[in-house]
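The values are calculated or read from the model by the stated rules, or taken from the named source; none is laboratory data. Keep in mind that this is a model prediction, so the values were computed, not measured. For neighbour counting, all protein chains shown are included, and Cβ atoms are generated from backbone atoms with ideal geometry for every residue, glycine included.
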Amino acid sequence: IRLYFPVALKRMLNFNVPPVKNSTGEPVWKVLIYDRFGQDIISPLLSVKELRDMGITLHLLLHSDRDAIPDVPAVYFVMPTEENIDRMCQDLRNQLYESYYLNFISAISRSKLEDIANAAIGANAVTQVAKVFDQYLNFITLEDDMFVLCNQNKELVSYRAINRPDITDTEMETIMDTIVDSLFCFFVTLGAIPIIRCSRGTAAEMVAVKLDKKLRENLRDARNSLFTGDTLGAGQFSFQRPLLVLVDRNIDLATPLHHTWTYQALVHDVLDFHLNRVNLEESTGMESTPAGARPKKKNKKSYDLTASDKFWQKHKG
């Protein structure tokens, strides 16, 4: 994942083109404006030094108090929410920056795009809006092989939120759409169309059906498909498509893969257990041995786990 994602971010920070430098060999200086979602996406991948190397002199939150810097271009990286759109329109009216490169984490709707256009016309700043892009980067990469769907407002799409007894159909649809949007963005960035497998009759199946529909709708529009042409990855040309397995959290796959659920098997896996005898070393805690003194011997104890041990017979499984 980390092979593709930083490339997409760096391209965005360079005005959605390969790295641009001026005649002196230095990067073009610019300001980065993001919301909390954008901050969470960038922070695990790019350090402050890397941002400076790409010409980012300032990185500021969209809703913070910002002074005008009229001779510097600004790169925006935000979610297309009503609140964010209103603040961006306010920035246009206040003429804060030389030019505006608007990058949306998820796809922006036509109505919100028209709101920005009307604000630009009203502020006489149409020529200053240089580019508008849907980046499809609505997920957070933490490791080479791990990502999460969101950090801000994560309780809204949590296991508890999905399984609330009083949840309405509208709320469930909203949660499913949020999850599907993040998964769709992930595969757009990866440049690959997944094979989807899911458990039946659960929220996982709802996500799978919605994601499948969204992928198919995008592929039908050959002219505007996100999985053809000049994409960041070559995954769409590979004969090996990724497998996306969606399961409900009630089906806990991780635990059986680590240890079986019985007390007997757990003791066998993690302790010195041999011929029904378990050998333990007592922990010395955090107490340190004084310099020059002999290290304390660890006390060893053995327990015979036989049929006469009532606790063992009751809990071994």
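Against the list (1) of a type in the set (Val, Ile, Thr); (2) outside any loop (DSSP other than H, G, I, E, B); (3) surrounded by 12 or more Cβ atoms within 10 Å (Cβ to Cβ), the condition residue 228 fails is (2). All of 115, 177 fail the test of being of a type in the set (Asp, Glu), part of a helix (DSSP H, G or I) and in the same structural domain as residue 226 (by TED's automatic domain parsing), apart from 177.
Restricting to the stretch 199-225, name every residue that is among the aliphatic types (A, V, I, L, M) and either crowded, with 18+ Cβ neighbours inside 10 Å or modelled with pLDDT of 85 or more (or both).
Taking the stretch 199-225 and keeping what is among the aliphatic types (A, V, I, L, M), we get 203-204, 206-209, 211, 215, 219, 222.
Residues satisfying the conditions are 203, 204, 206, 207, 208, 209, 211, 215, 219.
For the stretch 94-105, a residue qualifies if it is more than 14 Å from residue 73 (Cα to Cα) and free of Cβ contacts under 8 Å to residues at least 60 places away in the same chain, and the qualifying residues are 94, 104. I'm checking my understanding of the structure. Among residues of the stretch 143-161 that are out of contact with any Lys or Arg (no Cβ under 8 Å at 6 or more places or on another chain) and in a helix (DSSP H, G or I), which one is surrounded by the most Cβ atoms within 10 Å (Cβ to Cβ)? Once the filter is applied, the top-ranked residue is 157. Applying the criterion of being modelled with pLDDT of 90 or more and among the aliphatic types (A, V, I, L, M) to the residues of the stretch 37-47, the residue that is nearest to residue 150 (Cα to Cα) is 41. In the stretch 42-89, of all residues being polar (S, T, N, Q) and under 27 Å from residue 178 (Cα atoms), the one that is surrounded by the most Cβ atoms within 10 Å (Cβ to Cβ) corresponds to 84.
So, in the stretch 177-197, how many residues would count as being more than 16 Å from the chain's Cα centre (by Cα) and surrounded by 12 or more Cβ atoms within 10 Å (Cβ to Cβ)?
Here is the first cut: in the stretch 177-197, the ones more than 16 Å from the chain's Cα centre (by Cα) are 191-197.
Within this subset, residues satisfying the condition of being surrounded by 12 or more Cβ atoms within 10 Å (Cβ to Cβ) are 191-194, 196-197.
Summing the residues that are more than 16 Å from the chain's Cα centre (by Cα) and surrounded by 12 or more Cβ atoms within 10 Å (Cβ to Cβ) in the stretch 177-197 gives 6.
Using the structure shown, decide if residue 249 is surrounded by 12 or more Cβ atoms within 10 Å (Cβ to Cβ), modelled with pLDDT under 80 and charged (D, E, K, R). Judged against the criteria, residue 249 is a match. Just one of the listed residues (140, 116, 108) is aliphatic (A, V, I, L, M), surrounded by 15 or more Cβ atoms within 10 Å (Cβ to Cβ) and touching a residue at least 40 places away in the same chain (Cβ under 8 Å), and it is 140.
Within the stretch 276-317, restricting attention to residues that are farther than 15 Å from residue 264 by Cα and small (Gly, Ala, Ser), which residue is modelled with the lowest pLDDT?
Start the filter on the stretch 276-317 by keeping residues that are farther than 15 Å from residue 264 by Cα, which leaves 280-302, 308.
Restricting the remaining residues to those that are small (Gly, Ala, Ser) gives 283, 285, 288, 291-293, 302, 308.
Values: 283: 67, 285: 57, 288: 60, 291: 60, 292: 60, 293: 61, 302: 88, 308: 77.
Residue satisfying both the conditions and the ranking: 285.
Restrict the check to the stretch 25-39 and report whether at least one residue is within 26 Å of residue 139 (Cβ to Cβ), of a type in the set (Gly, Ala, Ser) and over 15 Å from the mean Cα position of the chain (by Cα). For the stretch 25-39, residues within 26 Å of residue 139 (Cβ to Cβ), of a type in the set (Gly, Ala, Ser) and over 15 Å from the mean Cα position of the chain (by Cα): absent.
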